[in-house]
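Student: Dumping the structure here so I can ask a few things about it.
The values are calculated or read from the model by the stated rules, or taken from the named source; none is laboratory data. Quantities reported herein were computed from a predicted structural model and do not represent experimental measurements. Note that we place each Cβ from the backbone using ideal geometry, even for glycine, and neighbour counts take in every protein chain shown. Accessible surface is based on the protein model in full, side chains and every heavy atom, while ligands, DNA and RNA are left aside. Shrake-Rupley method; radii C 1.70, N 1.55, O 1.52, S 1.80 Å.
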Number of protein chains: 2
Amino acid sequence: MDDDVLRRGKPACHVEFDVATALLVGDSLQSLAFQLLTEHRLSDDPAVQIEMVKILAVACGSRGMAGGQAIDLASVGQALSVPELEYMHIHKTGALIRASVALGARCSNTLAPGQLARLDHYAKCVGLAYQVVDDVLDQESSTATLGKTVGKDAANNKPTYVSALGLARARALAEELREEALAALTELRGGAKRLAELADFIVLRKF
Amino acid sequence: MDDDVLRRGKPACHVEFDVATALLVGDSLQSLAFQLLTEHRLSDDPAVQIEMVKILAVACGSRGMAGGQAIDLASVGQALSVPELEYMHIHKTGALIRASVALGARCSNTLAPGQLARLDHYAKCVGLAYQVVDDVLDQESSTATLGKTVGKDAANNKPTYVSALGLARARALAEELREEALAALTELRGGAKRLAELADFIVLRKF
């Protein structure tokens, strides 16, 4: 799977236990997410709650996270263009980030379709920014600071935003995506402050 | 994972492609199952449809299939008793078989709680019978007849109904479970004929 050994300074699950156990924990947690969507009343309208299950299912599946991971596997040793990298990451990590924002938004009965669309654009930008920053940190940070093993992408011959753009332009892209994410929030009030903080945290983080 | 190489006479997905791809296909199909539960009107009552998602989520998760698989991993090289084997298989393969029957039953608005309980008992018996027959066939069949690699459990040092009971008593147990499954159906009409045929197919199969 992945040669990472540290996450937040601790051994990854597949290192602390074994790969089979880590896979089963992932399977169990994913099922638990679906279960939680059924155990609480998340909307006044049961049809919206069923739609929420669909949002999560699509985001996890072949047209979301699992499909993105398959593209990732197929791209080892390939020199991907920036649009190709974007396509991969929008699926691999972006789909679940977008689904998270979409699910939160569906819990509200007061959001208009235009507001849902802006939240989705925010989530798309944040999801991509997360990956660009990940690639930058993998290149420039130390394992001690990052809390996970650095340099793994280069060692695994994986295409990254840094390999495609260079370090300076990758940093600038992350900043552009943060600004685009924040711009998508300007017409929303209240909770959007926390979403803006989240965008800042993701792009400005050092670990 | 599993050292099987053949399924229905063809190479297993992880052999034809690779383990990572097979895992992603499994993840994708599981997400698709949840998606399908949201894309069709399966009950006049949306609350029942939400309950169906929960039935599948619980059956897949740590208290169902994934948990049973974890018990399976932990039981390699152990001499399990018949109750311990039953506990493992009720989770590992039985949970999804029971969920399948429960989901079909929930599509009907005409079943009383007692009928749902009998269907669940049918599914529990069929799920266990499936595993007992699997162990018997693994011991007594040939790879050509079975269409999958035989003798793998003994080779992998895994506890089976045959290792716990011997071949003759394992065969008798499968037959008892089939009779118990059929008995649970006697008060149901119509579709129960197909469920009876399924129990017969599972226990009487030679492959």
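Student: Expressed as a rounded percentage, what relative contact order does chain A have, with Cα pairs under 8 Å and six or more residues apart?
Tutor: The normalised contact order for chain A reaches 23 percent.
Student: Just the accessible area for A:H14, please: 1.4 Å probe, Å², rounded to the nearest 10?
Tutor: Spelled out: A:H14, probe radius 1.4 Å, area about 50 Å².
Student: Ordering A:E39, A:E16 by how much accessible area each has at a 1.4 Å probe, largest first, what is the list?
Tutor: A:E16, A:E39
Student: Dipole size in debye (nearest 20) for segment B:1-131 around its Cα centre, Lys and Arg Cβ +1, Asp and Glu Cβ -1?
Tutor: Here segment B:1-131 has a charge dipole of around 380 debye.
Student: Let me know the charge dipole size of the protein assembly as shown about its Cα centre in debye, to the nearest 20, where only the beta-carbon of Lys, Arg (+1) and Asp, Glu (-1) is charged.
Tutor: The dipole of the protein assembly as shown has a size of about 480 debye.
Student: Given the pairs B:K10/B:K148; A:K124/B:K54; A:K148/A:K206; B:K148/B:K206; A:K10/A:K124, which are separated by over 18 angstrom at their Cα positions?
Tutor: Check vs 18 Å cut-off fails for A:K124/B:K54; A:K10/A:K124.
Student: As a quick test, which of the pairs A:K158/B:K152; B:K92/B:K152; A:K92/B:K152 have an alpha carbon distance above 26 angstrom in this structure?
Tutor: Pairs exceeding 26 Å: A:K158/B:K152; A:K92/B:K152.
Student: Let me ask another. Between beta-carbons, use under 12 Å as the cut-off and find the net charge around B:G61, counting Lys and Arg +1, Asp and Glu -1.
Tutor: With Lys, Arg at +1 and Asp, Glu at -1, the net is +1.
Student: Running a GNM on chain A with Cα contacts under 10 Å, which residue among A:K92, A:K54, A:K124 ends up with the highest mean-square fluctuation?
Tutor: Of A:K92, A:K54, A:K124, the Gaussian network model singles out A:K54 as fluctuating most.
Student: Shifting gears a bit: So what's the back-of-envelope 222 nm ellipticity for chain B, counting only DSSP H runs of four-plus at -39500 (n - 2.57) apiece and dividing by all residues, rounded to 500?
Tutor: -22000 deg cm²/dmol
Student: Which shape class applies to segment B:81-193: rounded if a/c is under 1.5, otherwise prolate when a/b exceeds b/c and oblate if not, where a ≥ b ≥ c are the square roots of the Cα gyration tensor eigenvalues?
Tutor: The shape class here is prolate.
Student: Return one whole number: the accessible area per residue of segment B:74-133 in Å², for a 1.4 Å probe.
Tutor: Spelled out: the 1.4 Å probe surface of segment B:74-133, per residue, equals 44 Å².
Student: Apply 1/(1 + (r/R0)^6) to the Cβ-Cβ distance of A:C107 and B:N157, taking R0 = 45 Å, and write down the FRET efficiency to the nearest 0.05.
Tutor: So the FRET efficiency works out to roughly 0.35.
Student: Segment B:65-82: which residues show an accessible-area loss of 20 Å² or more, assembly versus chain alone, 1.4 Å probe?
Tutor: Listed in order, they are B:A66, B:L73.
Student: So, one more: For the residue pair B:A79 and A:S81, what label-to-label distance in nm results when each label sits 7 Å from Cα along the Cα-to-beta-carbon direction?
Tutor: The modelled label-to-label distance comes out at 6.6 nm.
Student: Taking the Cα atoms of chain B, what is the range of coordinates along each of the three principal axes, in descending order and whole Å?
Tutor: The Cα atoms of chain B stretch 50, 40, 29 Å along their principal axes.
Student: Considering the options B:A70, A:S100, A:V76, tell which one lies farthest towards the positive end of the dipole of the protein assembly as shown, charges being +1 on Lys and Arg and -1 on Asp and Glu at the Cβ, about the Cα centre.
Tutor: Looking along the dipole axis, the top candidate is A:S100.
Student: Separation of segment B:61-93 and segment B:175-201 by C-alpha centroid, Å?
Tutor: Each part reduced to its Cα centre gives a spacing of 25 Å.
Student: Something else: Once neighbouring chains are kept in place and the probe is 1.4 Å, which whole percent of the accessible area of segment A:84-207 is contributed by carbon and sulfur?
Tutor: 56
Student: Just to be sure I understand the model, the point goes 7 Å from the Cα along the line to the Cβ. What's the resulting B:A47 to B:L29 distance in nm?
Tutor: About 3.5 nm separates the two model spin labels.
Student: Rounded to the nearest 100 Å², what's the accessible area chains B and A bury against each other, both chains counted, probe 1.4 Å?
Tutor: That pair hides around 2300 Å² of surface in total.
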